[in-house]
Amino acid sequence: MSSTVTLGLAGVGRIGTAHAETLHGLPGVDRVVVADLDATRARTTAAKLGVEAVGDIETLLAADLTGLVIATATDSHPALIAAAIDRGIPVFCEKPVARDIDGTLAVLDRVRDSAVPVQIGFQRRFDAGYRAARAAVAGGELGWLHTLRATTLDPAPPPADYIPRSGGLFRDCGVHDFDIIRWVTGREVTEVYARGANRGDEFFTAAGDIDTAAVLLTLDDGTLATVNLGRYNGAGYDVRLEVLGSRGNAIVGLDDRAPLHSVEPDHPTSPDPAYPGFMERFRRAYTEELTTFVAVATGTAPSPCTIADALEAFYIAEACELSRAERRPVALTEVRR
């Protein structure tokens, strides 16, 4: 491998284009090379950002890469991870690893004996607020935990054609909350109880999905966590985590751009606009995440979020789907392979 740091990026949709722009600006990165199934889109994006484009994924993998960032459709993730690992190329892959648990386990088995690192994209782990909450828990500042309340509310739903291939609200959206609850607390989820509803467009029901959900998680030390998910939050993009302990609390996402409107008559209204979406809310976290991947790819840091971590969050999402369908609590042991 060349001493030049060359990062490849597969997929130049919304998140891929944002990643290409971030990678291009990172210190120590010499080249960024992109590819997409739509070669014209790859060339257009590359010209706009001042990076290189190649005609297909095979050419990208042969470009003497230091690392590969995968931001393609979910169905392509397993094959791309395997192709990169087989070539000795460290991988950053946006979640999910695969469409389902069996697919994720197959990828995990494929890379288990490889020394080539894989980092999965759960950007909340790199957000300053979540990191501060984790430190407060680990340092004992909050005492023993009794309750966590997580919220992820989109201001508007994604396009209708995305929903049938999204994996559903728990796997597509809630998986971030499930991962960050594990990461902040250092505990595992043992049981879930999930309910869902459709209050908006018919295309959610047609796809067998939901647009609103409430989840109760029981952690292995008895701590309770609630997760609220929604696709229609007209006030703005709302992502928060409240960590409540016997001695104090830590609240993530409670800043002047949180779309919370007090009706108390003497409470001042924030002059700042609400976050319009996840890219704006987590812009700094995405930069930190990819900066860390450069360190992983160059061998100076271990992967901070492995396939095994992603699998644990996926198990929780799977248990939520089963709980919603059967309207009962589901132990994680019921869905583990």
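The values are calculated or read from the model by the stated rules, or taken from the named source; none is laboratory data. All values derive from a computational prediction rather than experimental measurement. Backbone-built Cβ (ideal geometry, glycine too); neighbour counts: all protein chains shown. SASA here: full protein model, heavy atoms, side chains in, ligands and nucleic acids out. Shrake-Rupley method; radii C 1.70, N 1.55, O 1.52, S 1.80 Å.
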Can you list, largest first and rounded to whole Å, the semi-axes you get for segment 191-337 by taking the square root of 5 times each eigenvalue of its Cα gyration tensor? 27, 26, 18
Among trypsin sites (Lys or Arg not before Pro) in segment 96-146, those in a DSSP loop whose Cβ has at most 11 other Cβ atoms within 10 Å are Arg112
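Multiply the residue separation of Ala47 and His261 by 0.36 nm, subtract the distance between their alpha-carbon atoms, and state the gained length in nm to one decimal.
Full extension of this stretch gives 72.8 nm more.
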Given Gly236, Leu148, Ala132, which one lies farthest toward the positive end of the charge dipole of segment 121-242, if we put +1 on the Cβ of every Lys and Arg and -1 on the Cβ of every Asp and Glu? Ala132
Relative to the longest principal axis of the C-alpha atoms of the chain, give the angle of the C-alpha long axis of helix 175-185, reported between 0 and 90° and rounded to the nearest 10°. 70
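Let me know the shape class of segment 140-268, please: from the alpha-carbon gyration tensor, a ≥ b ≥ c as square roots of the eigenvalues, rounded when a/c is under 1.5, otherwise prolate if a/b is greater than b/c, or oblate.
Taking the square roots of the gyration eigenvalues as a ≥ b ≥ c, segment 140-268 is oblate.
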Cα-projected label distance for Ile251 with Glu141, points at 7 Å along beta-carbon direction, nm: 1.6
Nearest 10 degrees, 0 to 90: what angle lies between the long axis of helix 283-297 and the longest principal axis of the chain (Cα atoms)? 50
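Where does segment 262-301 land on Rg(C-alpha)/(2.2 N^0.38 Å)?
For segment 262-301, the normalised Cα radius of gyration comes out at 2.01.
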Kirkwood Rh for segment 283-337 from C-alpha pairs, in Å, is 13.5
Roughly how big is the chain's charge dipole about its Cα centre, with Cβ charges of +1 (Lys, Arg) and -1 (Asp, Glu), in debye to the nearest 20? 240
Based on the Cα atoms of the chain, what semi-axes does the equivalent ellipsoid have, where each is the square root of 5 times one gyration tensor eigenvalue, given in whole Å with the largest first? 33, 23, 21
Debye intensity ratio in log₁₀ form over the Cα atoms of segment 223-288, taken at each q of 0.26 Å⁻¹: -1.24
Roughly speaking, what is the stretch gain from Asp75 to Ala331, that is 0.36 nm per residue apart minus the C-alpha to C-alpha distance, in nm to one decimal? 89.4 nm
For a quick check: with amide H placed at 1.01 Å from N, whose amide H comes under 5 Å from Tyr237's, ignoring anything fewer than 5 positions away on the same chain? Tyr275, Gly277
How large a share of the accessible area of the chain, in percent, is made up of carbon and sulfur atoms when the probe is 1.4 Å and the other protein chains stay in place? 51
So, for the chain, what is the accessible surface per residue at a probe of 1.4 Å, expressed in square angstrom? 45
Based on the Cα coordinates of segment 6-116, what is the per residue volume of their convex hull in Å³? 88
With +1 on each Lys and Arg Cβ and -1 on each Asp and Glu Cβ, how big is the dipole of segment 280-337 about its Cα centre, in debye rounded to the nearest 20? 140
Check each of the trypsin sites (Lys or Arg not before Pro) in segment 147-220 and keep only those in coil by DSSP with at most 15 other C-beta atoms within 10 angstrom; list them in order. Arg199
Between the DSSP loop rule and a limit of at most 15 other Cβ atoms within 10 Å, which GluC sites (Glu not before Pro) in segment 121-192 are left? Glu141, Glu188
